[in-house]
């Protein structure tokens, strides 16, 4: 067991956290995905919190975080989401026009205590994107164009005589 300690306390407090951008916009990929990861890791280092495992999905972020008992989860999430929003919008000024009101994350978040399932949750976070892609490929159905063999369509519009157009 990976115990940590404070002055008079031994503890293991790990949480599976999921946060989403406002309206689940797919702004996490590409350049932003790496930058958001750096920002979240830097903010956790400032508070001396440990991100054990993290993965950015197209519209949300999974994190396995170790938070000491002296800090409540809601206090930590307020800090993480608030400061990261300011840093993201500062580094990427064009997002202010897209997101307005200096809001990047949704109001809520998902949190679950890990308990003895640390390995299972680490594996889930690591492999979720691959599993989603496999499911998408299995359910992918190619639709055929119903009009690809149509030669000509009946046009019921009235014919305009060419001589009227030439006179004008």
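The values are calculated or read from the model by the stated rules, or taken from the named source; none is laboratory data. Nothing here was measured: the structure is a model prediction, and the numbers come from that model. Glycine also receives a Cβ, built like all others from the backbone with ideal geometry; neighbour counts cover every protein chain displayed.
Side notes on the structure shown:
- Of the candidates 124, 99, the single residue that is in contact with a strand residue (DSSP E or B) (Cβ under 9 Å, 6 or more places away or on another chain), modelled with pLDDT under 65 and either surrounded by 10 or more Cβ atoms within 10 Å (Cβ to Cβ) or under 16 Å from residue 40 (Cα atoms) (or both) is 99.
- Residue 32 vs. criteria farther than 20 Å from residue 129 by Cβ and surrounded by 14 or more Cβ atoms within 10 Å (Cβ to Cβ): no
- Single unsatisfied condition, residue 107 versus (1) without any contact (Cβ under 8 Å) to a residue 40 or more places away in the chain; (2) in a helix (DSSP H, G or I); (3) within 18 Å of the chain's Cα centre (by Cα); (4) within 21 Å of residue 26 (Cβ to Cβ): (2)
- Residue count, the stretch 49-78 (criterion: under 15 Å from residue 18 (Cα atoms) and in a helix (DSSP H, G or I)): 5
- Of all residues in the stretch 1-20, those satisfying the criterion of being at pLDDT below 85 and outside any loop (DSSP other than H, G, I, E, B) are 4, 5, 10, 11.
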